[in-house]
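One structure below.
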Amino acid sequence: MLVAVRSAGALHRLLDVLPVFDGDERVAVRFTLVPGSKFAVEALAALDRSGVRTLAWEEALDRAHDLILTASPKGAPQVLSGPRVLLPHGAGFNKTVDGDGSPRLPSGLDPYYLLADGEPWASLHALAHDEQVARLTAYCPPAAARAAVVGDPTLDRLLDARTRRDDYRAALGTGSRRLVVLTSTWGPESLLRRRPGLPGELLGLLPHDAYQFALVLHPNEYSRIGSFDLSRQLAPALRAGLVLAGPYEEWAAVLVAADAVITDHGSTALYAAALGRAVVGAYDGGHELIPGSPMARLLARAPGLSDAVDAPDVLRAAEAQDVTDLADEAFARPGLALPRLRTELYRLMGLEPRTAPVAPRPLPPPAAVPWLPAAFAVRADVSGRRIAVARFSPNISGTVHHLAAEHPTADRRALQSASVLWRRAGTASAAPGPTTRPASAAPAAWTAAGWTAAVQDEFPGCRTAAAVLTPDRVLLRHHTAGTLSVRVEPCRASGRILRADPAAVVSAVHAWLAPDATGSAPGEGDPPVTLVCDTGGLRVRVRLSAADGADLDHEL
């Protein structure tokens, strides 16, 4: 069997089909790269990462194959010898591409690509919904005569992964935050081309402890830009915590983990709708989107985001707007794609399929490790013993209470400017200031008391130094209140235990201890005292007491 690949996106789609052959030693699978695509470099790299066996195009032409799978009608797959099966390489046919085939027709439905010498070259068009068959009938009746509705194997993989949503969120470090995924297709009308600053704007405007953002890009964008340049262009947003999802499998796990998506006219949002996620439109218009297509109908109903500052309100509106019925118009027979495909593909090969059940391969957890921001501009509202804190990117405009930075990760300027410095136990770092320790010597370790004193000596602007010992324990040294032990109670809700970031709690305690405009501290009484800290939608109780010996001597 031959898998004919023209782009990385097409390869990823076809890899989701191949479990139909699991456990069958009679089927040998080979891959070939169909020439002619400007995205061939990324396709070749994707083939290499997949560990598959490949044939050169010329060698593939010289052989007869018992079955040929492809997910693009372009590049002359009709010259390959054997029964050919064509699948969509996305969720339906929603876009047209300038200068490519017939004007205003999506290539997946374009007779220019689907016919050879007036006859359909595919033995089977394996489609996801009856609506696709109806549209294919309207554009290319001969090809529609060979169509069958099998469902969408990628959707089935996503639906099958819903039980692992908590695992995916844990891998991303999402916690109790709302995970908002920006999805960008490829081409001049894509979100990343039209609104390249949107990820950074959202990260700068919305509180870090309430929102997490991820970006899902079409594989063609990875090919156009390159991973190195992509990381460079997105560097400020990545440093602020943006998750850049990988183009195979990882994007799907991130989508399962998401609470909402902000999308252009790319069909990834239809998968999000099928998962029941809130959908926000961010398509600025153009001529690529096919009127009346499933994606056009989805964007017509979804609330639109024209300005990043409106994101909280628009996201709330999207939560109240159910769009799952629009996904039902794009995907039929959920959960049945692989069994139906197995029946069709084995029929074309003239074989009886194995009797073992066929199922989607589990989606692995996301491997991308989000960059944890090392500095925050903190806004704080103190009302008696209740403190609300919101942490933002340091370059936020407007008034803030203080700057907080992680030692030693933050850059030198942030460390020198910060009123609050924190360090997490287990963070490898040299002692503040110069050292003459030989490289071969055993590393020295700070105690929490030693480090908090030393870091305040090195950075005179630091009013509060905090050693985060565990998710629930902090040793905090304040420039006037002295050294305190801080205990943070987890928040319990709906049978879950949720924890606030101790670094956010440190900023809350710092704000409570800070003097007001009259020179008086809002803090009431001497420790022990219990505070209530609100951050990112969580409300936790915080106990302050005189520092105990175990905290003072805790080894960092």
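The values are calculated or read from the model by the stated rules, or taken from the named source; none is laboratory data. It should be emphasised that the depicted structure is a prediction, and the values quoted were computed from it without experimental measurement. We place every Cβ from the backbone using ideal geometry, glycine too, and count neighbours over all the protein chains shown. Side chains are part of the model used for accessible areas, which takes the heavy atoms of the whole protein and leaves out ligands, DNA and RNA. Shrake-Rupley method; radii C 1.70, N 1.55, O 1.52, S 1.80 Å.
Among the residues of region 212-229, not a single one is part of a loop (DSSP other than H, G, I, E, B), within 29 Å of S176 (Cβ to Cβ) and either out of contact with any helix residue (DSSP H, G or I) (no Cβ under 6 Å at 6 or more places or on another chain) or without any contact (Cβ under 8 Å) to a residue 40 or more places away in the chain (or both). The single condition among (1) in contact with a helix residue (DSSP H, G or I) (Cβ under 7 Å, 6 or more places away or on another chain); (2) touching a residue at least 40 places away in the same chain (Cβ under 8 Å) that G82 does not meet is (1).
Contact map, region 11-23: first residue in contact (Cβ under 8 Å) with a residue 12 or more places away in the chain, second residue open to solvent by less than 20 Å² (accessible area, probe 1.4 Å) and polar (S, T, N, Q), Cβ cut-off under 7 Å, separation 6 or more or different chains; pairs are R13/T154; D16/T154. Filter region 172-184 down to the residues that are part of a loop (DSSP other than H, G, I, E, B) and within 14 Å of the chain's Cα centre (by Cα) and list them by number. Within region 172-184, G173, T174, R177 meet the criteria.
Taken as a whole, the condition of being farther than 30 Å from L341 by Cα and surrounded by 19 or more Cβ atoms within 10 Å (Cβ to Cβ) applies to G187. Listed by first and then second residue, the pairs with beta-carbon distance under 6 Å, at least 6 apart or on different chains, first residue in region 392-406 and over 7 Å from A377 (Cα atoms), second open to solvent by 20 Å² or more (accessible area, probe 1.4 Å) and outside any loop (DSSP other than H, G, I, E, B), are H401/R379; H401/A380.
One line per residue, one yes/no per condition, for (1) modelled with pLDDT under 95; (2) β-branched (V, I, T):
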site: H65; (1), (2): no, no
site: T70; (1), (2): no, yes
site: V85; (1), (2): no, yes
site: R104; (1), (2): yes, no
site: S107; (1), (2): yes, no
site: T137; (1), (2): no, yes
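Checked against the criteria, P294 does not count as over 23 Å from G187 (Cα atoms), touching a residue at least 40 places away in the same chain (Cβ under 8 Å) and surrounded by 15 or more Cβ atoms within 10 Å (Cβ to Cβ). For region 522-529, the criterion of being open to solvent by 40 Å² or more (accessible area, probe 1.4 Å) and modelled with pLDDT of 90 or more is met by at least one residue. Output the residue which, of all residues in region 497-521 that are open to solvent by 20 Å² or more (accessible area, probe 1.4 Å) and not in a loop (DSSP other than H, G, I, E, B), is modelled with the highest pLDDT. Residue satisfying both the conditions and the ranking: L513. Kindly indicate the residue of region 311-343 that is without any contact (Cβ under 8 Å) to a residue 40 or more places away in the chain and more than 30 Å from H125 (Cβ to Cβ) and also least open to solvent (accessible area, probe 1.4 Å) among those meeting that condition. This residue is V314.
Restricting the search to region 82-113, which residues are hydrophobic (A, V, I, L, M, F, W, C), more than 25 Å from V20 (Cα to Cα) and surrounded by 24 or more Cβ atoms within 10 Å (Cβ to Cβ)? The answer is L109, and nothing else. On inspection, L155 qualifies as closer than 25 Å to V85 by Cβ and modelled with pLDDT of 95 or more.
What is the residue count in region 435-494 for residues that are β-branched (V, I, T), at pLDDT below 95 and closer than 20 Å to A514 by Cα? Number satisfying all stated conditions: 1. Restricting region 190-205 to residues that are open to solvent by 10 Å² or more (accessible area, probe 1.4 Å) and assigned to a loop (DSSP other than H, G, I, E, B) leaves a set whose member that is nearest to V378 (Cα to Cα) is G197. Residue-level analysis places S223 among those that are surrounded by 23 or more Cβ atoms within 10 Å (Cβ to Cβ) and modelled with pLDDT under 95. Among the residues of region 117-136, those identified as open to solvent by 30 Å² or more (accessible area, probe 1.4 Å), farther than 24 Å from A274 by Cβ and not charged (D, E, K, R) are G118, S123. A308 meets the conditions (1) open to solvent by less than 10 Å² (accessible area, probe 1.4 Å); (2) within 18 Å of the chain's Cα centre (by Cα) in every case but one. The failed one is (2).
Residue count for region 235-276 under the criterion of being modelled with pLDDT of 95 or more, in a helix (DSSP H, G or I) and open to solvent by less than 20 Å² (accessible area, probe 1.4 Å): the result is 11. Listed by first and then second residue, the pairs with beta-carbon distance under 8 Å, at least 6 apart or on different chains, first residue in region 347-366 and closer than 29 Å to L255 by Cβ and β-branched (V, I, T), second open to solvent by 60 Å² or more (accessible area, probe 1.4 Å) and not in a loop (DSSP other than H, G, I, E, B), form an empty list.
Taking the criterion of being surrounded by fewer than 19 Cβ atoms within 10 Å (Cβ to Cβ) and among the basic types (K, R), the residues of region 474-496 that qualify are R487, R492, R496.
If you go through region 71-125 and pick out every residue that is more than 31 Å from the chain's Cα centre (by Cα) and of a type in the set (D, E, K, R), you end up with 5. Within region 258-298, being aromatic (F, W, Y) and either touching a Cys at 6+ places or on another chain (Cβ under 9 Å) or within 21 Å of R162 (Cβ to Cβ) (or both) holds for one residue alone: Y271.
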